[in-house]
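Please read the structure below before turning to the comments.
The values are calculated or read from the model by the stated rules, or taken from the named source; none is laboratory data. Everything quoted here is computed from the prediction, not taken from an experiment. Glycine gets a Cβ as well: all are built from the backbone with ideal geometry, and neighbour counts include every protein chain shown.
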Amino acid sequence: MSGIYRSGNQIELLTAGGEFFPALLAAINAAQREIRLETYIFKDDRTGRAVADALIAAAARGVRTCVAVDGFGSPDFGSGLGQMLREGGVEVYVYRPELARFRLKRHRLRRLHRKLACIDARIAFVGGINIIDDLSPPGLAEPRFDYAVKVEGPLLVDIHYTMSRLWHTLRWVNLGERHRPGRVVAQDTAASGTMQAALLIRDNLRHRREIEYAYLTAIITAREEIVIANAYFLPGRSFRRALRAATRRGVRVILLLEGRVEYRLQYYATLALYGDLLGAGVRILEYRKSYLHAKVAVVDGQWATVGSSNIDPFSLMLAREANIAVRDRDFSRHLRTSLEQAMQEGAVEIVEAEHLSPSRRFLAWLCYGLVRFAAGIAGFGKAF
């Protein structure tokens, strides 16, 4: 059911945890029937405890509460917060818990990376924000730069269906049960606004390239401007070719990438592409005010996407991801204005790539090769 644009939605942009977590907690605290939550990281910190307490309180008042986390992103969850949630009446599953963090298996990179929440099949949250303190690691002066959206309207049908389907799959894999008896929560299909939007997912079965194709379609049809903010940017040839073709058509192409390095392998792999992209006329800015964790884009001020998917082999070829695509000028302008402010206040433009020393260029291409090799090997793993 994903990939279909539905009209009549109200979609609110939420910037960083400062806007996201109060909205999420308010929705959980008001839940009456059902809460579903999926996240890559569920950290046992101040924010994680606040969300966990709200989930337990919801379960105590009779709300069916379901939480799924990734076994690699949250390796200690099962014996920590996960156990506390179970004891509080919350249903908990850990996606691929059997994979040790450093065990070398081909399919270990096939992760549950999406961040979704659905409350009473009436309100949903989609984005890139994990359940973790905004100022993490401790001592960070500025919060992580990230986005989510709050969704109300007919698109809840697709979001609730997608989350329920994964939950049934997890139950079957773990317990051999395809369905859980009990009441069915009806989705709210009434119009809540005027926005047209689609849920885009990536999995290893029927939706392997849905998010990538949505990006490529927007890029290929762009006429004025493409702005992409992405934490881990390592696109394949088709994606880079589309960006170069856009600049030749006179389209402004702007990339906002990470400048404060969190994972060196991904950062140096991206550096290997700077020369080619800059030579094609693409503007590259590195966000250095804090950690960039955003995965968003705006095209021609009328199409936008917000979600969990990076533009790298792990997100586009291996992980379970979820984005919202919005066809709405007001929403797109809002996101574009937010990105412009981030570029002005916290980013540095990269003028040319030749400033890299020979050793750093070698390191960049070595990291690029390692990332592509790891993704290629993992791509032959199991589908689930």
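May I ask you to list pairs of residues, at least six apart or on different chains, whose Cβ atoms are under 8 Å apart, with the first in the stretch 20-35 being more than 16 Å from GLY89 (Cα to Cα) and the second being part of a helix (DSSP H, G or I) and hydrophobic (A, V, I, L, M, F, W, C)?
The qualifying pairs are PHE21/ALA50; PHE21/VAL51; LEU24/VAL51; LEU25/ALA50; LEU25/VAL51; LEU25/ALA54.
How many residues, within the stretch 17-60, are over 16 Å from ARG122 (Cβ atoms) and of a type in the set (S, T, N, Q)?
Number satisfying all stated conditions: 2.
Which residues, counting only those in the stretch 76-98, are of a type in the set (Lys, Arg) and modelled with pLDDT under 95? Reasoning before the result, please.
Pass one, the stretch 76-98, residues of a type in the set (Lys, Arg): 86, 96.
Once the filter is applied, which keeps residues that are of a type in the set (Lys, Arg) and modelled with pLDDT under 95, the stretch 76-98 yields only ARG96.
Can you tell me which of (1) in a loop (DSSP other than H, G, I, E, B); (2) in contact with a helix residue (DSSP H, G or I) (Cβ under 9 Å, 6 or more places away or on another chain); (3) modelled with pLDDT of 90 or more is the one ASP134 doesn't meet?
(3) is the only condition that ASP134 fails.
Table: residues versus (1) more than 30 Å from HIS160 (Cα to Cα); (2) modelled with pLDDT of 95 or more; (3) not in a helix (DSSP H, G or I).
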position	(1), (2), (3)
GLY301	no, yes, yes
ALA304	no, yes, yes
SER332	no, yes, no
ARG336	no, yes, no
GLU354	yes, no, no
ALA364	yes, no, no
GLY369	yes, no, no
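From the list ALA242, ALA229, which one is in the same structural domain as ALA364 (by TED's automatic domain parsing), surrounded by 19 or more Cβ atoms within 10 Å (Cβ to Cβ) and within 20 Å of ASP146 (Cβ to Cβ)?
Step by step, each of ALA242, ALA229 is checked, and only ALA229 is in the same structural domain as ALA364 (by TED's automatic domain parsing), surrounded by 19 or more Cβ atoms within 10 Å (Cβ to Cβ) and within 20 Å of ASP146 (Cβ to Cβ).
Select from the stretch 314-330 the residues that are closer than 17 Å to ASP70 by Cα and among the small types (Gly, Ala, Ser) and write down the one among them that is modelled with the highest pLDDT.
Applying the filter and picking the extreme gives ALA322.
Could you list all residues from the stretch 49-67 that are buried (at least 22 other Cβ atoms within 10 Å of the Cβ) and in contact (Cβ under 8 Å) with a residue 40 or more places away in the chain? Please lay out each step first, then the result.
We begin by selecting, within the stretch 49-67, every residue buried (at least 22 other Cβ atoms within 10 Å of the Cβ); these are 51, 55, 58, 65-67.
Across the stretch 49-67, the qualifying residues are VAL51, CYS66.
Take THR247 and decide whether it is hydroxyl-bearing (Ser, Thr, Tyr), crowded, with 22+ Cβ neighbours inside 10 Å and not in a loop (DSSP other than H, G, I, E, B). First the steps, then the outcome.
Working: hydroxyl-bearing (Ser, Thr, Tyr): yes; crowded, with 22+ Cβ neighbours inside 10 Å: no; not in a loop (DSSP other than H, G, I, E, B): yes.
Taking the combined requirement at face value, the residue does not satisfy it.
Could you list, ordered by first residue, the pairs with Cβ atoms under 7 Å in which the first is in the stretch 129-143 and within 21 Å of LEU24 (Cβ to Cβ) and the second is among the aromatic types (Phe, Trp, Tyr) and buried (at least 21 other Cβ atoms within 10 Å of the Cβ), at least 6 apart or interchain?
Within 7 Å, the pairs are ILE129/PHE20; ASN130/TYR40; ILE131/PHE42.
If we keep just the residues of the stretch 287-299 that are in a strand (DSSP E or B) and within 12 Å of PHE145 (Cα to Cα), which is farthest from the chain's Cα centre (by Cα)?
TYR287
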